[in-house]
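Q: Following this message is one structure expressed as structure tokens.
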Amino acid sequence: MTERLSWRRFIASWAIFGWVSGFLLLGLTTSWAASAQGQKTAISSKSQDKAVLPKHVDLFIESLQRQVPALKSDRNKSLMKSIQTTGPVVDESDYRWQVAVRIPSANKRCGGILITKMFVLTAAHCVDRNRESGGPPQAFNLAEVELFHGSNLFAAGTRLTLDPNWEIVLHPGWRNNTLPTITADAAYDAALIKLAQPVAAAVVAPVRATPFLEGNAVVSGWGAFDATGAASQFLRAVRVPVATTDVCRTALSPSDRARLGPWSLCTISKTDEACARDSGGPLVVGTAAKPQTIGIVSWGAQSKCGRPETISDLVGVYTRVSEIASWISGITRDPAATTTDQVGKLFTVEPRIVGGPIDR
């Protein structure tokens, strides 16, 4: 009896030792992952030296899910390169014009822009229920659309209430049948949503009424951020160079060139771009305290973002909001929705690589 009891104690001791060792190893792994992620944080407008750390343990899980498969196979080397150069999760307090748009009934997730404390600007293709079917443009009902503000997690923070006396307004040039189909599907990709009450915590990014032709801008969103195409649960941002339309045309295929028009604004980069499910989000210039919207994320070259091995340019195409400034002023009836002010020095973020299909 004594010998049997000693043997059981021996087994129990080893079991406890193994459980404790595993727990400690998990803790060290989590600490290492958080530390590694912290090295890629955004440069906040509040301080050039501020490191914005992730706010949720899901970031570690998300990172681990990307990295483990990539380590197992040589065919995933390009994916691993994308993971290694993926940029930062940013502090939502520095992006207070950013809104998350979710339509559960259609499995849609997009971004939006607070151009005033009462109006959200987004992409028409995000809120057009007939876009995929090819039917006439028709916005989703208000009850189907969810807007969120104030968290770097997608669809978290404060749920914004929509004005029940309003309907979502699609730009009249969107999918206009006077244009060729391939062109109409990209033209004037913009929509306005009115809120029931002002967003007190917002830093608004009014529409720049004068054209922004060349320079750097910042795009943000919860879209795909590596070659897997999976959406990020955390808000991310990247700095991109704005290109002229002529330069943009040379970087696109002939079929994609047909989608361009006066409504188009392009950014071109070798490494960084908006991507799938960033649609409707902001392209801004200026400071984090006083931003201006110059574009709405619309579309991009097929299957190129998120693939660092590509030798071609990454082209992002946005709705040029200076072309629709008068429409925005007429719908909102708010002079503050547009601006002609000069912008300050552009705030910066660390670069990232993203990934996804043509429609953002």
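The values are calculated or read from the model by the stated rules, or taken from the named source; none is laboratory data. Just so we're clear, the structure is a prediction, and the values are computed from it rather than from any experiment. These area figures cover heavy atoms from the full protein model, side chains too; ligands, DNA and RNA do not enter into them. Shrake-Rupley method; radii C 1.70, N 1.55, O 1.52, S 1.80 Å.
Q: How much length is gained if the chain between N130 and E146 is pulled fully straight, taking 0.36 nm per residue apart and subtracting their Cα-Cα distance, in nm to one decimal?
A: Value of the extension gain: 3.9 nm.
Q: Each residue of segment 155-160 in turn: what ³J(HN,Hα) in whole Hz from Karplus with 6.51, -1.76, 1.60 and θ = phi - 60°, glycine and Pro shown as x?
A: Taking θ as phi minus 60°, the curve returns 6, 10, x, 8, 7, 8 Hz for segment 155-160.
Q: Follow-up. Collect residues whose amide H, placed 1.01 Å from N in the peptide plane, falls under 5 Å from the amide H of F225; neighbours closer than 5 in sequence don't count.
A: So F225 has HN proximity to A230, S232, G355.
Q: Report the full-extension gain for the segment A196 to T181: residue separation times 0.36 nm, less the Cα-Cα distance, to one decimal in nm.
A: 1.9 nm
Q: Turning to a different aspect of this structure: Suppose all protein chains stay in the model; what accessible area per residue would a 1.4 Å probe give for segment 226-291, in Å²? Write out the running numbers ahead of the final one.
A: Values: 2050 Å² over 66 residues.
Value for segment 226-291: 31 Å² per residue.
Q: In whole Å, what is the distance between the alpha-carbon centres of segment 206-238 and segment 144-200?
A: Each part reduced to its Cα centre gives a spacing of 17 Å.
Q: Where the convex hull is taken over the Cα atoms of segment 120-218, what is its projected area averaged over directions, in nm²? Could the numbers behind the result be given before it?
A: On the way: hull surface 33.7 nm².
The number I arrive at for segment 120-218 is 8.4 nm².
Q: Give me D for segment 210-266 in µm² s⁻¹, whole number, from Stokes-Einstein with Rh from the Kirkwood sum over alpha-carbon pairs, 10 °C and 1.306 mPa s.
A: D, rounded to a whole number, is 119 µm²/s.
Q: Let me ask another. Over the Cα atoms of segment 169-300, what is the Rg over Rh ratio if Rh follows Kirkwood?
A: Over the Cα atoms of segment 169-300, Rg/Rh equals 0.96.
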